[in-house]
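Peer 1: This is the structure I have questions about; it appears just below.
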Amino acid sequence: MATPLSVRTDIGDDGTVVVGVTGELDMSNIDVFSAAIADAITPASHDGGVLTIDLTGVEYLDSAAIDVLFGNADRIRLIVNPILIPVLKVSGLTNVMSVEAG
């Protein structure tokens, strides 16, 4: 059974593409998250911009989610729930991409 997850793609106030995620990111739903990023990167790339991923509604993510984020590190910036910052620092993700507490 997949862990509950909600993913939406919007246009931010500044015109950038934003993928907003609510729920938990784990192996059971990582395909949905990965597909949403892949679908949103193309429009973000056409504008020459970076895709924003809003994880302020996420309280848990596992290594599968971290792997997806690493795989797209050069094309995304993260806004995250502050509870995730320690995990992202330990993983090294904060060293390779923009990560902001939201």
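The values are calculated or read from the model by the stated rules, or taken from the named source; none is laboratory data. Note that the coordinates shown come from a computational prediction; the quantities given were computed from them, not determined experimentally. All Cβ positions, even for glycine, are placed from backbone atoms using ideal geometry, and neighbour counts span all protein chains on display.
Peer 1: Looking at the stretch 15-45 only, could you name the residues that are surrounded by fewer than 12 Cβ atoms within 10 Å (Cβ to Cβ) and closer than 21 Å to Asn81 by Cα?
Peer 2: Hits for the stretch 15-45: nothing passes.
Peer 1: Where the second residue is of a type in the set (D, E, K, R) and in a loop (DSSP other than H, G, I, E, B) and the first is more than 18 Å from Gly49 (Cα to Cα) and lies in the stretch 1-18, which pairs have Cβ atoms under 9 Å and are six or more apart or on separate chains?
Peer 2: Partner pairs satisfying both residue conditions: Ala2/Asp26; Thr3/Asp26; Leu5/Asp26.
Peer 1: Among the residues of the stretch 3-14, what is the count of those that are surrounded by fewer than 14 Cβ atoms within 10 Å (Cβ to Cβ) and at pLDDT 95 or above?
Peer 2: 2
Peer 1: Quick one: in the stretch 79-101, of everything that is in contact with a Gly (Cβ under 9 Å, 6 or more places away or on another chain) and closer than 17 Å to Val17 by Cα, which residue is surrounded by the fewest Cβ atoms within 10 Å (Cβ to Cβ)?
Peer 2: Among those residues, the one meeting the criterion is Ile79.
Peer 1: Here is a further query. Could you look through the stretch 86-102, keep only residues that are under 13 Å from the mean Cα position of the chain (by Cα) and hydrophobic (A, V, I, L, M, F, W, C), and pick out the one that is nearest to Val68 (Cα to Cα)?
Peer 2: Only one residue tops the list, namely Leu93.
Peer 1: If we keep just the residues of the stretch 46-59 that are part of a loop (DSSP other than H, G, I, E, B) and out of contact with any Lys or Arg (no Cβ under 8 Å at 6 or more places or on another chain), which is surrounded by the fewest Cβ atoms within 10 Å (Cβ to Cβ)?
Peer 2: Filtering the stretch 46-59 for residues that are part of a loop (DSSP other than H, G, I, E, B) and out of contact with any Lys or Arg (no Cβ under 8 Å at 6 or more places or on another chain), the one surrounded by the fewest Cβ atoms within 10 Å (Cβ to Cβ) comes out as Gly48.
Peer 1: From (1) of a type outside the set (Phe, Trp, Tyr); (2) closer than 21 Å to Gly12 by Cα; (3) in a helix (DSSP H, G or I); (4) over 10 Å from the mean Cα position of the chain (by Cα), pick out the condition that doesn't hold for Ile37.
Peer 2: Failed condition: (4).
Peer 1: Here's a follow-up. Take the residues in the stretch 60-83 that are aliphatic (A, V, I, L, M), outside any strand (DSSP E or B) and without any contact (Cβ under 8 Å) to a residue 40 or more places away in the chain; name whichever of them is nearest to Ser98 (Cα to Cα).
Peer 2: Within the stretch 60-83, the match that is nearest to Ser98 (Cα to Cα) is Ala73.
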